[in-house]
Structure formats: C-alpha cells, structure tokens
Amino acid sequence: MSLFKRRFLFIAVFAMAFFRLNAQTEEQNLEFIENKGQWDSRVILKANIGNGSLFFHRNGFKVLLHNEQEMAAMAPIHSGVRFRTDSTRIQGAERNMADRPGALHSHAYSVNFLNMNEATEIIPDKPLDTYNNYLIGNDSTKWGRKCRIYQGVTYKNIYPGIDLRYYTDNGRLKYDLIVHPGADPRNIALQYDGLDGLTVTHNRLSLKTSVGEVKEMEPFSYQAGDHGRESVPVTYRVSKTRVVQFDVSHYNKNQVLVIDPTLVFSTFSGSRETNWGFTATPGPDGTFFSGGIVFGDGYPTSNGAFESKFQGGTFDVGIMKFSANGRNRLYATYIGGTANECPHSMYSDPQGNLVVMGRTYSGNFLLLTYSGFVVAAIFSWLS
C-alpha cells in the first residue's frame, strides 16, 4: 500500500438557480406531510419523529415507535472517529455489521377521539414553500407527487365549540384543546388503544409500550386575564377503559379556555443520521448557510440536490441553506466521494453563490461542470 496520502482542498461554487428547491422546517420542528397515495388511504398526514412516525387520520392518530437502542446499533458505528495531531489522516471506525441486531422491534398504539363531531374539519396550517415526492416502487398509482408540508394541523369543531391543534415547540409535540365560550370541556374524550399500560403520576400521563415509555406532561391550562395569561387548574382523569378526560375547575365559561399538554417521544431532528456542524456563513439577503459532516444516508436532502445520497467512506459533507428567520431550510445536499470529506470554511458572494472550502480523501471527488453546478478543486499531495 502506498505511503502517500491525498489531501485535496476543494472549492465548490453553488449556482443558486440550480438550487431552486424545496424548503423544509428547522431541524427541531415536526413536518406534517400530506398523503397523496403514498401511504395507507386512511392517513391524512404523516410526521416522522426521531424513533418512529405519527399517522393522523380522521378520528385520531396512530403512533409507531421503534426500539431506540436497536436503531442506534443498526446505524453506522462511527463513535471511534478521531483526528490525529501528528498527521492530516482521519481515522474512522469500521461499520461493524456483526454488532447490529438481527431485528428491529417496534410498537404501535392509537389515540381515538370518542364521540367526536362527524363534521369535523381537518385543516393543515403554516404550509412551507416546498413539497416532497414519493416515487417508490414500480406502481405509479401509489406514487405521491408534490406532497405539501405543514407545521401544524387543526381539527376544527372536533366537539361542539372545541378545536384541537397539533404542532411542535422546541422539538416536542404539543396539542392545544381550545374550548370556546359556552363549550363543555367534559366532552373531550381520548381513548388509548394498544398500550401495555396507562397511568397518571403527579398529574402526568405515562404510556407504557414494549419499546419504551411515552409521557404526556402536566397540562397547562389558561385563559386571558387582565395581566396576560392566567392559569387554570386542570387534571387528567383516566377510566378503566383507558379513556383520558380533563377535569377543569374555576374558570370563566364566557372566555376561551386553552388546555395545553406536551407529548415527549424523543428529540425531533430533520436528519435521521448523525451529523456534526463545522462551519457557517451568512448570505447577502439575510439567509445563512451551515456546513458539517454526515455519517450515512438519512440527511434531509432537497428535491434536485447535487447529491441526494451518501457517497461512501465514514462521512460526507452536508450543506444546508436556511431562510433569514431560521425557520425554513431552503435546500440541503450531500457533497462527497467514496472516502471522507470535511468542510473547513464557507463564504457567500453578493449574488448568493456559496463557496465551500475543505478537505477530501476521495480519488473520485473532482467534478468539473454539472447542470449549472460548478466545482473546482485544488490538489495538494502529502506523504
């Protein structure tokens, strides 16, 4: 084996017209994706969480959870990656297939809205300027094209005078039960099915599954008052048939009441694969870019991305462009060859073209011109 190691300094210039791609939410937030035939017909919206999925249907939603430890063991093993100070060589841990489990255990349970209004209107809200395509399999009738992405969904008038809205806040799934004046919160009834156990401790729900525990935090209820939000006492009530209701006392029935619990599944992330941030730079219009390394497939690349798949080695470069307010990903892409790549710094010119500088060990990294995407490379050889 040759003792010579290749080190490349690469400069990538991104043509912004080439990246006229779909925006996505910031990494923390859940994406509610519409079903246009790519999933079961009963599903209206689907949201991916770190270790599973949520499927929203007309009468409630279903939760699919995977065993987190088994998922981690199935992922590429890269905890041994380190940088040696005596050379520019990057050593990565091997992908040890023998240490991965032979099966992934999962658990599904559902939450149904008992006695709900059959005329309930389901309204996705806060749409993003983007869409997803699901061209999976050979049957084109099951492909989902231009599936819109939302940041929340409201079940309007789910009970007389009561709305239910799902959204995420700081990486956690929340739902607000909005009780309008004159409505009765005692009508709210959520039936849990498929759990191994359901208990209330310190006014918190504990949902036991075969792959872990899901918690619903103590609900925070409030009404508008003279000094802003005024809290209203509320407690969970669970029947023997696992129907959850809310006991609310001492509130003004002539004002809107909001019951606001939080569900804790896991940390939500836009990337299903581990990624480390290395560098960032602002754009000329207030947008900004981030660059790092990604350890496998699962990075949320955009439609038409320069590279939508992990190219090989232990890690590739991952690039994202964010909107000025930080809420939307304007594009995301891999950059890499069959070995390792790492970005060191980035710069955006006044036209919004992005320059990325870093290091690659891939002999096939060099690219010249590709559909408006220009990449130039400067090689340096070190022994």
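The values are calculated or read from the model by the stated rules, or taken from the named source; none is laboratory data. A quick note: this is a predicted structure, and the numbers were derived from the prediction, not measured. Neighbour counts run over all protein chains shown; Cβ positions are idealised from the backbone, glycine included.
Points worth noting:
- Top-ranked residue of the range 202-233 - restricted to ones that are outside any loop (DSSP other than H, G, I, E, B), among the small types (Gly, Ala, Ser) and at pLDDT 85 or above, ranked as nearest to residue 64 (Cα to Cα): 206
Matching residues to (1) of a type outside the set (Gly, Ala, Ser); (2) under 23 Å from residue 53 (Cα atoms); (3) under 20 Å from the mean Cα position of the chain (by Cα):
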site: 125; (1), (2), (3): yes, yes, yes
site: 142; (1), (2), (3): yes, yes, no
site: 148; (1), (2), (3): yes, yes, yes
site: 168; (1), (2), (3): yes, yes, yes
site: 175; (1), (2), (3): yes, yes, yes
site: 182; (1), (2), (3): no, no, no
site: 195; (1), (2), (3): yes, yes, no
site: 200; (1), (2), (3): yes, no, no
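- Restricting attention to the range 279-291 and to residues that are closer than 23 Å to residue 149 by Cβ and not charged (D, E, K, R), the residue that is surrounded by the fewest Cβ atoms within 10 Å (Cβ to Cβ) turns out to be 286.
- Residues considered: 138, 157, 115. Of these, the only one that is at pLDDT 85 or above and part of a strand (DSSP E or B) is 157.
- Residue match in the range 56-69 (condition: at pLDDT below 80, buried (at least 18 other Cβ atoms within 10 Å of the Cβ), in a loop (DSSP other than H, G, I, E, B) and of a type in the set (S, T, N, Q)): no
- Looking only at the range 155-183, residues that are buried (at least 20 other Cβ atoms within 10 Å of the Cβ) and of a type in the set (S, T, N, Q) come to 1 in all.
- Filter result for residue 169 (of a type outside the set (Gly, Ala, Ser) and at pLDDT below 90): yes
- Among residues of the range 282-311, those that are of a type outside the set (Val, Ile, Thr) and touching a residue at least 40 places away in the same chain (Cβ under 8 Å), counted: 16
- Residues within the range 317-336 that are over 18 Å from the mean Cα position of the chain (by Cα), more than 14 Å from residue 277 (Cβ to Cβ) and surrounded by 22 or more Cβ atoms within 10 Å (Cβ to Cβ), tallied: 2
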